[in-house]
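The values are calculated or read from the model by the stated rules, or taken from the named source; none is laboratory data. Not measured: the values here are computed from a predicted model. Neighbour counts run over all protein chains shown; Cβ positions are idealised from the backbone, glycine included. Heads up: the accessible areas ignore ligands, DNA and RNA and are worked out on the full protein's heavy atoms, side chains in. Shrake-Rupley method; radii C 1.70, N 1.55, O 1.52, S 1.80 Å.
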Amino acid sequence: MLDKLTQDDLLKLTSVTEGPCISIYIPGMPEKTLQLEYETLVRRAAHLLSLDRRNGDKERVLGPLYNFNPAEHLQRSDFGMAIFVNKHWSGFYLAGYTMPSKVVVAETFHLRPLLQDLQGESSCHILTLSPSEAILLHCHGGTGTELHTFLFHQGQHSNSIHWKHLDESETSQIPHLKSHLRGRGTEDTQCKKRGLKLFLRWIEAKIGKEHGFKEIPLLVFTSENMFHAYKEITHHPNPVLFKREPSRNSYRTEGLIHQAQIYLQKESSQQKNVSAHELEGLNRQKKVIDDLVKISRAAMNGKVRTLFLQHNSEVWGELNRRSGHITFHEKQTNAKDDDVLDDIACEVIRHGGEVVVLGKADMPSTSPAAAILNS
């Protein structure tokens, strides 16, 4: 049985060095085609394992793959799936973007296709907001998890707010805010505005404590008026408005996640363009190294601040994680070969560095990798 993996699990996989490790990538496609493609990839993994002298582990490692049906989880053509198996790990990860079919068997897991998820580029909070209901989702990759639910009922004599968070729940009664001025009651709209502000403050008090709330993007699906009211009280540094028609009373989680992923991908592309511009200046100042062995040694010692990789480039071979020495091969030839660029990128991320993928024209040299070291 394969477990569903989270971003935290992906980060743990960067430290796994006990092979053989199978990494399978497969894009979304029609169910029958998907199953055939998956079976082809598993057969390729079995072939690569047969080249390993440790044949005693072969069936144990392959076992979890035989009874797995990717179509049960990968149901969108614009999503992709990654599957990871070794003696201690057996799980799958659903990505909110497509990817080419690929299988790698090596001493470590192959994680390069998931760089943006590893670095949190696909993470955000989604807040759906209406005068009577609010829901906070944590979105990562192609999945969303409901964290908080709020229901606001405005009655004739009192208001009530119901909150649910995982196994916790709470209901609070708030006296009606109606007051009198010169013998006449204020308009109901004034009462509703005050009640709404209390509702928003109640929401912020709860969700503001969520882990990473201020650090990752907050996308607010609501009307423009409600967004401005919420923006006045939130502690998030830069909430982003996604306008919602007032007549709509419900949201489809899949649609929210899709819009969020499009936004995050655009933001990521803009940041990489800025990085490429800065890279040109650093290259002129000779602060960039592009020798793969030097980069690998610096990465393993936590000395790489930013690693730049050329898009769609691969360098096959074996990286010695003690010396940093690299044995280069023309292609994947055995059950120990990996894309060396993948190994280096995982080391950089594991030590807190940044990995940026650039087009060939934006790279600072003809090398498929370049690095800026910590000062």
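State the number of residues belonging to the range 311-333 that are in a strand (DSSP E or B) and at positive phi. Looking only at that region, the number is 1.
Remark: residue 22 falls outside the filter, which requires a residue to be assigned to a strand (DSSP E or B) and within 17 Å of the chain's Cα centre (by Cα). Applying the criterion of being small (Gly, Ala, Ser) and assigned to a loop (DSSP other than H, G, I, E, B) to the residues of the range 78-116, the residue that is least open to solvent (accessible area, probe 1.4 Å) is 96.
Of all residues in the range 347-359, those satisfying the criterion of being over 16 Å from residue 313 (Cα atoms) and open to solvent by less than 30 Å² (accessible area, probe 1.4 Å) are 347, 348, 349, 353. Criterion first (within 30 Å of residue 199 (Cα to Cα), modelled with pLDDT of 80 or more and part of a loop (DSSP other than H, G, I, E, B)) does residue 236 satisfy it? Answer is yes for this residue.
Just checking, does the range 289-310 include any residue being part of a loop (DSSP other than H, G, I, E, B), out of contact with any Asp or Glu (no Cβ under 7 Å at 6 or more places or on another chain), surrounded by 14 or more Cβ atoms within 10 Å (Cβ to Cβ) and modelled with pLDDT under 85? Scanning the range 289-310, I find no residue that is part of a loop (DSSP other than H, G, I, E, B), out of contact with any Asp or Glu (no Cβ under 7 Å at 6 or more places or on another chain), surrounded by 14 or more Cβ atoms within 10 Å (Cβ to Cβ) and modelled with pLDDT under 85, so the answer is no. When the range 25-54 is filtered for residues that are open to solvent by 80 Å² or more (accessible area, probe 1.4 Å) and in a helix (DSSP H, G or I), the ones remaining, listed by number, are 31, 32, 36, 43, 44, 47.
In this structure, residue 299 does satisfy being more than 25 Å from residue 48 (Cβ to Cβ) and either within 26 Å of the chain's Cα centre (by Cα) or small (Gly, Ala, Ser) (or both).
Do the conditions hold for residue 19, that is, is it modelled with pLDDT of 90 or more and touching a strand residue (DSSP E or B) at 6+ places or on another chain (Cβ under 7 Å)? No: the conditions fail for residue 19.
Considering only the range 27-44, I want to know if a residue exists there that is under 30 Å from residue 267 (Cα atoms) and of a type in the set (Phe, Trp, Tyr). No, the range 27-44 contains no residue that is under 30 Å from residue 267 (Cα atoms) and of a type in the set (Phe, Trp, Tyr). Scanning for something crowded, with 21+ Cβ neighbours inside 10 Å, in contact (Cβ under 8 Å) with a residue 12 or more places away in the chain, within 25 Å of the chain's Cα centre (by Cα) and outside any loop (DSSP other than H, G, I, E, B), does the range 360-370 turn up at least one residue? Within the range 360-370, one or more residues are crowded, with 21+ Cβ neighbours inside 10 Å, in contact (Cβ under 8 Å) with a residue 12 or more places away in the chain, within 25 Å of the chain's Cα centre (by Cα) and outside any loop (DSSP other than H, G, I, E, B).
Report yes if residue 375 is part of a loop (DSSP other than H, G, I, E, B) and not acidic (Asp, Glu), otherwise no. Answer is yes for this residue.
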